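The block underneath contains the structure these notes are about, expressed in structure tokens.
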Amino acid sequence: MDKLGNSKEKLNVIDLLSGLGENWTFLKRNFPNSNFYALDFSENMINLSKQKADKIFGKNLNLICDNLLDNKLESNSFDIVSCAYGLKTFNEEQLNIIAKEVHRILKPNGKFSFVEVSKPKNKVLLYFYSFYLGKIIPILGKIFLGNPEDYKMLWIYTSKFQSSENVKDIFEKHGLEVNIDKYFGGCASGLNGKKINK
């Protein structure tokens, strides 16, 4: 998320596939005077995140329940787009739609940053990481949230997604300047850049 920089200007900032607001503390700290938006397709997730939204933003967060693949967001309206852990569940056709939508909603030279869990290439790290995501996380999900089912799919999605490197060409094809970063030995990867000024 540091790739987005910081600003005290009054920008329009949106967190896509916002879930429980993993990015919100960072966004509020780095863009303190901005207008904040968060979009998620799950009404349940929106409801669960409301308390956190009020704590971080007060009343200055517009929570939007909508489908990113077919949304009503205004074109050329956002300076900053962030997203954490939302790409891995989409197929290639859907990723093309997402890239197109990111380009559409960003202002010229607007910035974006996505971070996603990824499949490391180091075999030793891969063994322990796949065990952690595939076995340990579902157990923790059952203990703390009472529902391990969603977490059982985490490694399956991650293994299929591989890395943000596989999305770079898709985003570039839709008029976005893209950089790739790897974190924690490739256990996570980042996709960041800006909308080319056209």
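The values are calculated or read from the model by the stated rules, or taken from the named source; none is laboratory data. Quick caveat: nothing in here was measured; it's all calculated off a predicted structure. Cβ placement follows ideal geometry from the backbone for every residue including glycine, while neighbour counts extend to all protein chains displayed. Heads up: the accessible areas ignore ligands, DNA and RNA and are worked out on the full protein's heavy atoms, side chains in. Shrake-Rupley method; radii C 1.70, N 1.55, O 1.52, S 1.80 Å.
Tabulated data for the structure shown
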quantity	calculated
When residues of segment 88-138 are limited to those that are of a type in the set (S, T, Y) and closer than 18 Å to L68 by Cβ, the one modelled with the lowest pLDDT	T89
Any hit, segment 28-35, residues being within 20 Å of S77 (Cβ to Cβ), open to solvent by less than 10 Å² (accessible area, probe 1.4 Å) and not in a helix (DSSP H, G or I)	yes
Every pair of residues 6+ apart whose Cβ atoms lie under 9 Å, when the first sits in segment 29-54 and is under 27 Å from T89 (Cβ atoms) while the second is outside any helix (DSSP H, G or I) and aromatic (F, W, Y)	Y37/F78; A53/F36
2 or more residues of a type outside the set (D, E, K, R), touching a residue at least 24 places away in the same chain (Cβ under 8 Å) and farther than 14 Å from L16 by Cα: qualifying strands (runs of 3 or more DSSP E) within segment 55-157	106-117
Filtered residues of segment 1-17 (kept if over 17 Å from N109 (Cβ atoms) and at pLDDT 95 or above)	K8, D15, L16, L17
Considering residues of segment 159-186 that are assigned to a helix (DSSP H, G or I) and at positive phi only, the residue surrounded by the most Cβ atoms within 10 Å (Cβ to Cβ)	G186
Odd one out for I80 among (1) modelled with pLDDT of 95 or more; (2) open to solvent by 70 Å² or more (accessible area, probe 1.4 Å)	(2)
Any hit, segment 7-16, residues being of a type in the set (D, E, K, R), open to solvent by less than 70 Å² (accessible area, probe 1.4 Å) and in contact with a helix residue (DSSP H, G or I) (Cβ under 6 Å, 6 or more places away or on another chain)	no
